[in-house]
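*Asks:* This is the structure I want to talk about, given as structure tokens.
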Amino acid sequence: LVGTKVPINLRDSTGDKMPTFDSEQEKLEFIFTCKGKGLSPDQMARGSDLLFIRSQDLLAVYHQKGSGRVLSAWEALQAFGVDLLYEAVVDGSAILVSTKEEPARTIARRRKDLGLSNADIAKYTRLSLEDIHNLEDPKRRNPIQHLEIMARCLGLDERRIGFKPGSGGDNQLAIRLRNLKSSSSHFTPGTVMKFNEAAWTIATQYRLTSWLNAGEKPFWETNFEADNTYGDASYPAWQRGYYLAGQTRRILGIGHDEPILNLRELCNKKLEIPLLQMPLSKDIAGATLANNDDRGIVVNILGSNNNVWIRRSTIAHELGHLLWDPEQNLNRLKVDHYEDFDRDPEYFLRSHDFVEMRANAFSAELLAPRDASVEEFKRTDLRHVMEKFGVSFSIARYQVWNGLKRVIHWDSLVVDDILATDDWVGRESFTVDYFRPESVPTSRKGLFAFLVVKSESANLISEDTAINYLGCSATEYHQYKDLIFDIFQ
Amino acid sequence: LNIFRQKYPAREPNLERLKNNSELILLTEHNGLRLLAVAPMSNIELGLAPLDQSDRNGVNKYLWVIMTSHVPMVMEFEKTISDLGLERATHTNLTGGAPAHCAGELWFKDEATIWFSGGSSRYRPESSGQLTDVVASFKSCGYRVISFGWDEGADQPARFYRG
């Protein structure tokens, strides 16, 4: 170390001028080593075998080592942009965190905004109290897996954790959840975190769909416009609900007397609305949830919804909210309780809850239009109305009774059996009851899982991300990914 | 340092991402190249370690390389290197592309205290153990070393100081 002179012969110092890589295109061509091939940025990233690895603080090129999250070139580019990838490639790694206080500050703030304690999170996530404490300590480098778990239960975008202050969390949703928790003892911290996980799943499903569809907007967004009419004395909200159900059938090309055989698939595939079926607290039937611009439906599989005919009316009710209610009436999260579904319209009239009155009428008319229900009833009986349209006893009863202008005695409308038939159960509950691997959380079974597998096959996400999104083991993923793909394809 | 050199033999630089040959130009003392001496080090620019993404280079970053007989260092954004057509120095500008034992970055807090990282795409420490050993080597030369440490997730030297 002693000495000040350089004891090496100098090489020629007139070498090529260093390129400056001013344009994004040049940087991308350098990152993906495809100079002169005339590829678009999307083509370069989608076709690249280059993998990155991210930790809490760094993004680096992946070389078969490291305990962080392995990312495909596409997902790294989407999450962090060209400059950061370029830096990671040139320098070997790039600093991800936006400030030294991140991600600890965002996590602590979000947890407090939601009114959650460390113990609440420990109980829900099975992270230890020490792990959770560490995540809020800006002096710690935490495992990315812990950060991702935390991000999901707080409703944050796990890709942006540390990278962007706030990590893409919807502040209005956080306030709404905290208020719901404060106003009801039934709305537990666990329920708050379940809705946050649902918000994460919905946002992720939209992102994957958009990547696979090259950015096209979902069907429901381009074909439905919020309707601000909730009626008046001469044109009550329930009547508007019937009208909107008819409109919905027309837009979807469903005949006036045609049953909707698979509402789950209609939501997921035709309307392209994320539909999450998951266990919630037993008083909740379902909810319509908005995470920033991403709207989805959450349906409880416990309680009365255990009967898929009742679950279908819950889904249809939430569809009424999602497709037709303006944002100010949804307030980020509209939670519906079982007890409200069987209420007479008079109850909502008294309580001035025209939003619910309209959604209830919409649900019944969408699934079992009155005229068609009456027709079927006259031809057969009430049970056959239920079987034809896949609706609960109470919906069939209301539709027939109202369709017949209430001339028939209410108590005369009875059935011996209110249970759904096997064909309806098979169609509507398929993803919940038969999905493999079982370890995948219920809310991520179904179309979400298919999109994950498809995105991995298309090189849009890494296998590591796919396994993480599904919450299963690598072995299970390898064993079942073809099956998931085939079933939903 | 000799103990370190024996334990971690000199290796060729990783040139997978060489942009062009100017990254192999060997800098001279006219371009600000110096040899690191035992602490305290005189005539150096005091600096500040990086804090985050927007401040990823900190202030007055030096690159260092442990070569077989000496430890050259240079400020990454030394003004005179632009004469050579370089935007900034790289570790191979300290070696001319010759084999070296290890490389990284440092910032002088004072003449005997350095913030220290193993950040290098060409000769970076290959394990946390190697980083620990190179830190110990610098300490044995009289420096108080504030090491950024090892990032287990990325399996790379950390690029800023959290502790």
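*Asks:* Considering the Cα positions of the stretch B:12-163, please state its Rg to one decimal place and its Dmax as a whole number of Å.
*Replies:* Rg then Dmax for the stretch B:12-163, in Å: 14.3, 40.
*Asks:* Neighbouring Cβ atoms within 10 Å as the yardstick, rank A:Lys35, A:Lys481 fewest first. Don't skip to the answer; put the middle values down first.
*Replies:* Values: A:Lys35 11, A:Lys481 22.
Exposure proxy ranking, most exposed first: A:Lys35, A:Lys481.
*Asks:* Same structure, new question: Cα-based Rg of the stretch A:433-472 per 2.2 N^0.38 Å, rounded to two decimals? Each step should come with its number before you reach the end.
*Replies:* Details: Rg = 9.6 Å, N = 40, 2.2 N^0.38 = 8.9 Å.
With N residues counted in the stretch A:433-472, Rg over 2.2 N^0.38 Å equals 1.08.
*Asks:* Further, regarding this structure: Could you give the semi-axes, largest first, of the ellipsoid that matches the stretch B:31-107, computed as the square roots of 5 times the alpha carbon gyration tensor eigenvalues and rounded to whole Å?
*Replies:* Numbers: eigenvalues 72, 51, 33 Å².
Working from the Cα gyration tensor, I get semi-axes of 19, 16, 13 Å.
*Asks:* At 222 nm, what value in deg cm²/dmol follows for the protein assembly as shown if DSSP H runs of at least 4 each add -39500 (n - 2.57) and the sum is divided by all its residues, to the nearest 500?
*Replies:* Working: 27 runs with 268 residues, N = 652.
About -12000 deg cm²/dmol.
*Asks:* I need to check one value: relative contact order of the stretch A:370-489, counting alpha carbon pairs closer than 8 Å and at least 6 residues apart, in percent.
*Replies:* Numbers: 90 pairs, mean separation 23.4, N = 120.
For the stretch A:370-489, the relative contact order is 19 percent.
*Asks:* If you don't mind, another one. With an 8 Å cut-off on Cα pairs and a minimum separation of 6 or more residues, tell me the relative contact order of the stretch B:37-152 in percent. Intermediate values should be presented prior to the final figure.
*Replies:* Numbers: 206 pairs, mean separation 29.5, N = 116.
25 percent.
*Asks:* Find the centroid of the Cα atoms in the stretch A:171-245 and in the stretch B:87-101, then give the distance between the two in whole Å.
*Replies:* 57 Å
*Asks:* P(r) for the protein assembly as shown: what percent of alpha-carbon pairs falls in each 20 Å bin, starting at zero?
*Replies:* Answer for the protein assembly as shown: a P(r) of 17, 40, 25, 13, 4, 0 percent.
*Asks:* Given R₀ = 51 Å, FRET efficiency for A:Gln43-A:Asn306 by Cβ-Cβ distance, to 0.05?
*Replies:* Numbers: r = 48 Å, r/R0 = 0.94.
Approximately 0.60, to the nearest 0.05.
*Asks:* For the stretch A:104-176, what D do you get in µm² per second when you plug the Kirkwood radius from alpha-carbon pairs into Stokes-Einstein at 25 °C and 0.890 mPa s?
*Replies:* Numbers: Rh = 12.0 Å.
The Stokes-Einstein estimate is 204 µm²/s.
*Asks:* I'd like to compare B:71-81, A:83-93: which one has the highest average count of other Cβ atoms within 10 Å, and what's the full order after that?
*Replies:* On the way: B:71-81: 19.6, A:83-93: 21.2.
Ranked by mean Cβ neighbours within 10 Å, highest first: A:83-93, B:71-81.
*Asks:* Label the stretch A:52-204 by shape, choosing from rounded, prolate and oblate, from the square roots a ≥ b ≥ c of the eigenvalues of the Cα gyration tensor; if a/c is under 1.5 it is rounded, and otherwise prolate applies when a/b is larger than b/c, oblate when it is not. Please list the in-between numbers first.
*Replies:* Numbers: a/c = 2.29, a/b = 1.93, b/c = 1.19.
Prolate shape, in that a/c is at least 1.5 and a/b is the bigger ratio.
*Asks:* Under a crude label model (7 Å from the Cα following the beta-carbon direction), how far is B:Arg88 from B:Val38 in nanometres?
*Replies:* Using points 7 Å along Cα→Cβ, the separation is 3.3 nm.
*Asks:* Percent of Cα-Cα pairs per 10 Å bin, from 0 to the last occupied bin, for the stretch A:19-71, please list those.
*Replies:* 24, 41, 31, 5
*Asks:* Using only C-alpha positions, report the orientation-averaged shadow area of the convex hull of the stretch A:321-463, nm², one decimal.
*Replies:* On the way: hull surface 49.2 nm².
Mean projected area of the Cα convex hull: 12.3 nm².
*Asks:* By count of other Cβ within 10 Å, fewest leading, how are A:Arg140, A:Arg397 ordered?
*Replies:* Details: A:Arg140 14, A:Arg397 20.
Arranged by neighbour count, lowest to highest, A:Arg140, A:Arg397 become A:Arg140, A:Arg397.
*Asks:* Could you line up B:Ser117, A:Ser304, B:Ser137 from fewest to most neighbouring Cβ atoms inside 10 Å? Intermediate results must be reported in sequence, preceding the final value.
*Replies:* Working: B:Ser117 28, A:Ser304 18, B:Ser137 23.
Going from least to most buried by this count: A:Ser304, B:Ser137, B:Ser117.
*Asks:* Can I ask one more? Averaged over A:394-402, how many beta carbons belonging to a partner chain fall within 10 Å of each residue's beta carbon? Mind showing how you got there, number by number?
*Replies:* Values: counts 0, 0, 0, 0, 0, 0, 0, 0, 0.
The shielding value for this peptide is 0.
*Asks:* At a temperature of 25 °C and a viscosity of 0.890 mPa s, determine how fast the stretch A:389-478 diffuses translationally according to Stokes-Einstein, using the Kirkwood radius over alpha-carbon pairs as Rh; express D in µm²/s, rounded to the nearest whole number.
*Replies:* Values: Rh = 16.4 Å.
Approximately 149 µm²/s, per Stokes-Einstein.
*Asks:* Could you work out how far apart the two model spin labels at A:Asn228 and B:Asn21 are, taking each label as a point 7 Å from the Cα in the direction of the beta carbon, and quote it in nm?
*Replies:* Spacing of the two 7 Å Cα→Cβ label points: 7.0 nm.
*Asks:* For a protection proxy built on the mean count of beta-carbon atoms within 10 angstrom, sort A:233-241, B:56-64 highest first, please.
*Replies:* Numbers: A:233-241: 17.3, B:56-64: 19.9.
Ranking, from highest mean packing down: B:56-64, A:233-241.
*Asks:* What FRET efficiency would be calculated for the residue pair B:Glu126, A:Ile251, taking the C-beta separation as r and a Förster radius of 60 Å, to the nearest 0.05? Numbers along the way, then the final one.
*Replies:* Details: r = 61 Å, r/R0 = 1.01.
Computed FRET efficiency for B:Glu126 and A:Ile251: 0.50.
*Asks:* Which value in nm describes the separation of the simple spin-label points at B:Leu46 and A:Lys35, placed 7 Å from the Cα toward the beta carbon?
*Replies:* Between B:Leu46 and A:Lys35, the simple spin-label model gives 4.3 nm.
*Asks:* What is the helix-to-structure angle for A:189-212, meaning the angle in degrees between its Cα long axis and the longest Cα principal axis of chain A, kept from 0 to 90 and rounded to the nearest 10?
*Replies:* 70 degrees
*Asks:* Based only on Cα atoms, what Rg/Rh ratio does the stretch A:255-294 have, Rh being taken as Kirkwood's radius? Each step should come with its number before you reach the end.
*Replies:* Numbers: Rg = 13.1 Å, Rh = 12.4 Å.
Across the stretch A:255-294, the Cα-based Rg/Rh ratio is 1.06.
*Asks:* Also: Before anything else, pin down the relative contact order of the stretch A:220-318: Cα pairs under 8 Å, at least 6 apart, normalised by residue count, whole percent. Please list the in-between numbers first.
*Replies:* Working: 100 pairs, mean separation 18.1, N = 99.
Across the stretch A:220-318, relative contact order equals 18 percent.
*Asks:* Could I ask something else about it? If you average over every viewing direction, what projected area does the convex hull of the Cα atoms of the stretch A:127-282 give, in nm²? Write out the running numbers ahead of the final one.
*Replies:* Details: hull surface 54.3 nm².
If you wrap the Cα atoms of the stretch A:127-282 in a convex hull and average its projections, you get 13.6 nm².
*Asks:* Given chain A, what percent of its DSSP beta bridges are antiparallel, to the nearest 5? Please list the in-between numbers first.
*Replies:* Numbers: 21 of 25 bridges.
Of all bridge pairs located within chain A, approximately 85 percent are antiparallel.
*Asks:* Now a separate question. Mind scanning A:Lys100/A:Lys164; A:Lys269/A:Lys481; A:Lys123/A:Lys164; A:Lys217/A:Lys270; A:Lys282/A:Lys388; A:Lys334/A:Lys388 and naming the pairs with a C-alpha gap bigger than 18 Å? Each step should come with its number before you reach the end.
*Replies:* Details: A:Lys100/A:Lys164 12 Å; A:Lys269/A:Lys481 20 Å; A:Lys123/A:Lys164 27 Å; A:Lys217/A:Lys270 12 Å; A:Lys282/A:Lys388 28 Å; A:Lys334/A:Lys388 30 Å.
From A:Lys100/A:Lys164; A:Lys269/A:Lys481; A:Lys123/A:Lys164; A:Lys217/A:Lys270; A:Lys282/A:Lys388; A:Lys334/A:Lys388, over 18 Å: A:Lys269/A:Lys481; A:Lys123/A:Lys164; A:Lys282/A:Lys388; A:Lys334/A:Lys388.
*Asks:* Could you tell me the distance between the Cα centroids of the stretch A:66-101 and the stretch B:1-22, to the nearest Å?
*Replies:* 24 Å
Here, each number is a calculation from the coordinates, and none is a lab measurement. Note that the structure is predicted; figures quoted are calculated from it, not measured. Every residue, glycine among them, receives a Cβ derived from its backbone with ideal geometry; neighbour counts consider all protein chains shown.
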